[in-house]
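This report concerns only the one structure given below.
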Amino acid sequence: MKNIYIKTWGCQMNEYDSSMIARNLEKTGKYFITTKSEQADILVLNTCSIREKAQEKVFHQLGRWKKLKDTNPNIIIAVGGCVATQEGEEIFKRSRYVDIIFGTQSLHKLPKMINEVEKNKKFVIDISFPQLDKFNYSLPIKNKGYTASISIMEGCNKYCSFCVVPYTRGKEISRPSDDILFEISNLAENGIREINLLGQNVNAYEGSTFNGKICFFSELLRLISEIDGIERIRFTTSNPLEFSDDIIEVYKDTPKLVSFLHLPVQSGSNKILQLMKRSYTTEEYEKIIEKLVKARPNIQISSDFIVGFPGESKEDFKQTINFIKKINFDMSYSFIYSSRPGTPASEMKDEISLQEKKERLYTLQNCINKQTMSWSRRMLGSKQCILVEGQSKKYPMKLYGKTENNRIVNFDGESNMIGKFVKVKINEVHTHILNGILL
Ligand code: SAH
Ligand code: F3S
């Protein structure tokens, strides 16, 4: 048995891919996944290129692994994911000790690639886009707790001016709906109670069905909600662009779909949205939220924001803050704009100082945090349904579970409640963590 260590950076999709890599390798019976890099015979780096100095970060990590390889030349180093797809052979040119480069869509070939390196002692690369192939090689997800993520579509056709995803993940492609339903039914039989559907734009889902028809996202949601055992459905990420009325309708009649939606708006200024090539206006975004609130009055919305996009004036930023207050977002992931090689925005003049960008980020996060707290405060005294996940990490005598709106609730309970839904009354609130009493 050989030891494999996998290091993962980036989004939930990368986490999902890494679990697929691990399962594919374990399936061969030749490899064991280790959590200690010093014990590894094979080191795998699954990279992310969405922000920051992604390439540099990769070479720093590889530099650290080179030291391990200097002491044991038989170690195999594999680099995969978004940076590998974008940089390809460049990685090998800069770090000649790397043995394998694989892309986001060729990870199922890794066991074969490792065999090749062992046999021929020669570097191998595959960053092709054989879309969906990788799913045909994957085994059902192993249980980890009572929630499971499952990829339903990949890639992106939107080409927002700042984003590398369309270049690293390829075009939008949806998995057949029956494959997804089969996988989720298996998960439900194995105790999974909550499903998180993954994709770069899940609402653009268009999967083929067994009888040659097309299943859209709204229908997929309804079909999943009919699976016995699955009590909660989440999804991430969706895009305001194709958030059509049929999806909003699902909120009316499908209680298993959570009253919480992550719908990234990125900016509250129409001028910036246009420069970002987001293809919607703040007014259109607001309209979607209005309809959603009508369909599901208690829905809470979270978003992603980019501050300091080239051309963002103080006035544009003020519009973003006003928009945050108007929509009353519950949470956000917010970032300073990072110029990505190969994207149209990287050609735009970036004249905002780093100091100014940091201040804007701070102001934005401060504003959202206050709103998060006020949403939490509203929960005081309310009854909440939580999926009990285990023993609280901070208070081992207590159990913890998660609400629909992603708050952790600690409470006194019995161990047989783990993996089940229970009702609690909230009696203490902090921003993200609450305390409850079992009802
Ligand atoms: N499909 C999603 C976005 C996925 S990328 C959507 O439509 O919104 C995840 C988040 O990373 C984006 O929402 C954006 O806020 C951030 N991001 C992407 N590229 C970025 C860049 N170049 N600089 C800073 N943040 C970026
Ligand atoms: Fe990126 Fe825009 Fe697609 S943010 S993932 S190009 S929707």
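Couple of notes before you dig in:
- Looking across the stretch 150-179, the residues that are away from ligand 1 (no atom under 16 Å from the Cβ), in contact with a Ser or Thr (Cβ under 9 Å, 6 or more places away or on another chain) and in a helix (DSSP H, G or I) come down to Ser177, Asp178.
- For the criterion of being modelled with pLDDT under 95, within 16 Å of ligand 1 (Cβ to nearest atom) and either among the aliphatic types (A, V, I, L, M) or within 30 Å of Gly390 (Cβ to Cβ) (or both), Asn196 passes.
- No other residue among Ile125, Ile114 is of a type in the set (Val, Ile, Thr), part of a helix (DSSP H, G or I) and touching a strand residue (DSSP E or B) at 6+ places or on another chain (Cβ under 9 Å) apart from Ile114.
- Among all positions in the stretch 9-27, there is at least one residue which is in a loop (DSSP other than H, G, I, E, B) and of a type in the set (Phe, Trp, Tyr).
- Enumerated strands (runs of 3 or more DSSP E) restricted to the stretch 334-418, each holding at least 2 residues that are of a type in the set (A, V, I, L, M): 383-391, 408-411
- Selected residue [of a type in the set (D, E, K, R), assigned to a helix (DSSP H, G or I) and under 19 Å from Asn405 (Cα atoms)] from Lys318, Lys325: Lys325
- Here the condition is being modelled with pLDDT under 95 and over 21 Å from Asp17 (Cα atoms); of Glu219, Glu189, Glu226, it holds for Glu189 alone.
- Among the candidates Ile289, Ile301, Ile272, residue that is crowded, with 19+ Cβ neighbours inside 10 Å, within 16 Å of ligand 2 (Cβ to nearest atom) and over 23 Å from Pro176 (Cα atoms): Ile272
- Of the residues making up the stretch 348-390, those that are within 30 Å of Glu414 (Cβ to Cβ), small (Gly, Ala, Ser) and over 24 Å from the mean Cα position of the chain (by Cα) are Gly381, Ser382.
- Of all the listed residues (Ile272, Ile306), the sole one being modelled with pLDDT of 95 or more and in contact with an Asp or Glu (Cβ under 6 Å, 6 or more places away or on another chain) is Ile272.
- Of residues in the stretch 343-378 being more than 11 Å from ligand 1 (Cβ to nearest atom) and basic (Lys, Arg), the one surrounded by the most Cβ atoms within 10 Å (Cβ to Cβ): Arg360
- Listed by first and then second residue, the pairs with beta-carbon distance under 6 Å, at least 6 apart or on different chains, first residue in the stretch 238-252 and among the aromatic types (Phe, Trp, Tyr), second more than 8 Å from ligand 1 (Cβ to nearest atom), are Phe243/Asn203; Phe243/Ile288; Tyr251/Ala295; Tyr251/Arg296.
- A single member of Arg340, Arg278 is within 16 Å of ligand 2 (Cβ to nearest atom), at pLDDT below 95 and buried (at least 20 other Cβ atoms within 10 Å of the Cβ), and it is Arg340.
- Residue ID - farthest from Glu194 (Cα to Cα), chosen from residues in the stretch 228-268 that are of a type in the set (Ser, Thr, Tyr) and either surrounded by fewer than 20 Cβ atoms within 10 Å (Cβ to Cβ) or away from ligand 1 (no atom under 16 Å from the Cβ) (or both): Ser244
- Selection count, the stretch 379-401, where residues are touching a residue at least 40 places away in the same chain (Cβ under 8 Å) and surrounded by fewer than 20 Cβ atoms within 10 Å (Cβ to Cβ): 7
The values are calculated or read from the model by the stated rules, or taken from the named source; none is laboratory data. As the structure is a prediction and not an experimental result, all values here were calculated from the model. When we count neighbours, we look across all protein chains shown, and the Cβ atoms used for this are built from the backbone with ideal geometry, even at glycine.
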